[in-house]
Amino acid sequence: MRIDAVTIFPEIFNVLDVSLLGKARESGLIDFTAHNLRDFTSDAHRTVDDSPYGGGAGMVMMAEPWALALESIRSSAATESTEDDDAAPAPVLIIPTPSGHVFNQKLARALAPEEHLVFACGRYEGIDERVYEWAAPRFRVLPVSLGDYVLNGGEVAVLAMIEAIGRLIPGVVGNPESLVEESHEDGLLEYPVYTKPSTWRELEVPEVLLSGNHGKIARFRRETQLHRTAKRRPELILDIDPASTNRKDRDL
Ligand code: ADE
């Protein structure tokens, strides 16, 4: 997967050199580039923002540097593609913003098979709204929020999204089975996990997990998932597909 991020702080993305994503980059599974938005300005101060029309606090990112940066990514992607790729879909342009669609595991899964993701990291009060309109015929534009809180800019949100999406690309996580029984994969929070020793500072591992009875262990895990989800994230319970539940679940 090719991933480009446009930002005024490209160095924030240096963390992608390490851990599983660093390995995925080394092995060519992920081809990541951070671009400095200021390289697409034309004044001595490399200005990327100005005051908002209509007044109000803060500054707004100007449209032109964004158009130039995104055009340059778009044309380098077009040069890369071969004749066979004529029908290649437009890259997805993800714009992190607290006013976007909520990012979740379902969206991460939908984005993982994409060939090319472009992230536009806004700062200040956001990007001139006309950039969204301008980009629409050139990209599949997707404003995305990490949750109901405000960050100083999109970079940290983009790092989280790249990690969530990247680990779903086949080959990035060594053992693909570890992706199956995770929080949110089946719409529920994950069951609690334990490792050795079985008694630690007078705290015991639940006995059933030492029993070797796989049926009982599966039942215990399912019950703790349902209880934990009902307690911590009750709204998720309403979204469970009834076809995925069984009679024992309903007895809880
Ligand atoms: N930028 C600022 N706050 C954000 C959030 N909650 N999610 C995504 N991008 C953001």
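Data for the structure
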| quantity | calculated |
| --- | --- |
| Number of positions in segment 204-236 that are loosely packed, with under 13 Cβ neighbours inside 10 Å and of a type in the set (A, V, I, L, M, F, W, C) | 2 |
| Residue among Val150, Val102, Val156 that alone is over 15 Å from the mean Cα position of the chain (by Cα) and of a type in the set (Val, Ile, Thr) | Val150 |
| Hey, Glu129 free of Cβ contacts under 8 Å to residues at least 12 places away in the same chain, of a type in the set (Asp, Glu) and within 16 Å of the ligand (Cβ to nearest atom) or not | yes |
| Subset of segment 1-51 that is in contact with a helix residue (DSSP H, G or I) (Cβ under 7 Å, 6 or more places away or on another chain) and among the polar types (S, T, N, Q) - its residue that is farthest from Arg109 (Cα to Cα) | Thr41 |
| Scope segment 118-144; condition part of a strand (DSSP E or B) and closer than 17 Å to Glu71 by Cβ; matching residues | Val118, Phe119, Ala120, Ile127, Arg140, Val141 |
| Pick from segment 57-67, criterion out of contact with any strand residue (DSSP E or B) (no Cβ under 8 Å at 6 or more places or on another chain) and under 14 Å from Asp128 (Cα atoms), ranking: surrounded by the fewest Cβ atoms within 10 Å (Cβ to Cβ) | Gly58 |
| Unique match (being of a type in the set (Lys, Arg), touching a helix residue (DSSP H, G or I) at 6+ places or on another chain (Cβ under 9 Å) and over 22 Å from Gly166 (Cβ atoms)) among Arg109, Arg123 | Arg123 |
| Residues that are more than 8 Å from the ligand (Cβ to nearest atom), of a type in the set (Gly, Ala, Ser) and in contact with a strand residue (DSSP E or B) (Cβ under 8 Å, 6 or more places away or on another chain), drawn from segment 137-165 | none |
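Residues checked against (1) in the same structural domain as Leu16 (by TED's automatic domain parsing); (2) touching a residue at least 60 places away in the same chain (Cβ under 8 Å); (3) part of a loop (DSSP other than H, G, I, E, B); (4) not hydroxyl-bearing (Ser, Thr, Tyr):
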| site | (1), (2), (3), (4) |
| --- | --- |
| Ile162 | yes, yes, no, yes |
| Glu181 | no, no, yes, yes |
| Pro192 | no, no, yes, yes |
| Gly212 | no, no, yes, yes |
| Lys216 | no, no, no, yes |
| Glu223 | no, no, no, yes |
| Thr229 | no, no, no, no |
| Glu235 | no, no, no, yes |
| Ala243 | no, no, no, yes |
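The values are calculated or read from the model by the stated rules, or taken from the named source; none is laboratory data. This is a predicted model, so every value here is computed, not measured. When we count neighbours, we look across all protein chains shown, and the Cβ atoms used for this are built from the backbone with ideal geometry, even at glycine.
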